[in-house]
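For reference, the structure discussed in these notes is given below.
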């Protein structure tokens, strides 16, 4: 029985969902195992979402191993458990078609159609630095030459300072 069908059946029967607390023991891509208090058996394969596979449009929270969670057990069937509340999380992933937005303690990763935002921005900044180098090398025989000091200041800001800030936020 699918998760959605189980919830609809509970609503029709006016059955209650059992809510239990526990500690995340093992984490996998779409589910985890949760050890329960008071000599209760572990909950195995507790879902993060209503489905256990990757879908094109998904908001997924991955719990941190060892964190406390609240789990809902549908129709008293421990094989149909889902996390309702997270005590501590390891990762948040939002997927909409080919766009993936991932938040982890190290930073933020954004990809779209296989292109990583950090890589694209770093490449742009490197190419901007090369442009600045080319401008400072221009020889002017008549008129005003490029202001090398200003160009180098702008280059320093974009290629070094701004890039370092960006790399502290975004991850590959």
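The values are calculated or read from the model by the stated rules, or taken from the named source; none is laboratory data. Quick caveat, the model's predicted, so the values are computed rather than measured. Quick reminder, even Gly has a Cβ in these numbers, built from the backbone with ideal geometry, and neighbours come from all protein chains shown.
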The condition of being in the same structural domain as residue 164 (by TED's automatic domain parsing) and either modelled with pLDDT under 95 or in contact with a strand residue (DSSP E or B) (Cβ under 8 Å, 6 or more places away or on another chain) (or both) holds, among 70, 121, only for 121
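In this structure, is residue 94 within 15 Å of the chain's Cα centre (by Cα) and surrounded by 13 or more Cβ atoms within 10 Å (Cβ to Cβ)?
Values: within 15 Å of the chain's Cα centre (by Cα): yes; surrounded by 13 or more Cβ atoms within 10 Å (Cβ to Cβ): yes.
Yes.
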Check residue 138 against each of (1) in a helix (DSSP H, G or I); (2) free of Cβ contacts under 8 Å to residues at least 24 places away in the same chain and name the one condition it does not meet. (1)
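Would you please name the residue that is surrounded by the most Cβ atoms within 10 Å (Cβ to Cβ), looking only at residues in region 125-151 that are farther than 26 Å from residue 114 by Cβ and in contact with a helix residue (DSSP H, G or I) (Cβ under 8 Å, 6 or more places away or on another chain)?
Within region 125-151, the subset farther than 26 Å from residue 114 by Cβ is 131-151.
Remaining after also requiring in contact with a helix residue (DSSP H, G or I) (Cβ under 8 Å, 6 or more places away or on another chain): 132-133, 135-136, 146, 148, 151.
Working: 132: 21, 133: 13, 135: 15, 136: 16, 146: 15, 148: 13, 151: 17.
This residue is 132.
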Taking region 65-88, which residues are surrounded by fewer than 18 Cβ atoms within 10 Å (Cβ to Cβ) and not in a strand (DSSP E or B)? 65, 66, 67, 75, 76, 77, 79, 87, 88
Log entry, pairs with first residue in region 152-163 being outside the structural domain of residue 134 (by TED's automatic domain parsing) and surrounded by 13 or more Cβ atoms within 10 Å (Cβ to Cβ), second being in a helix (DSSP H, G or I) and at pLDDT below 90, beta carbons closer than 7 Å, six or more apart or on different chains, reads none
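Please work out if residue 91 is outside the structural domain of residue 44 (by TED's automatic domain parsing), at pLDDT 95 or above, within 30 Å of residue 69 (Cβ to Cβ) and in a strand (DSSP E or B).
no
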Touching a residue at least 40 places away in the same chain (Cβ under 8 Å) and touching a helix residue (DSSP H, G or I) at 6+ places or on another chain (Cβ under 8 Å), is that true of residue 122? yes
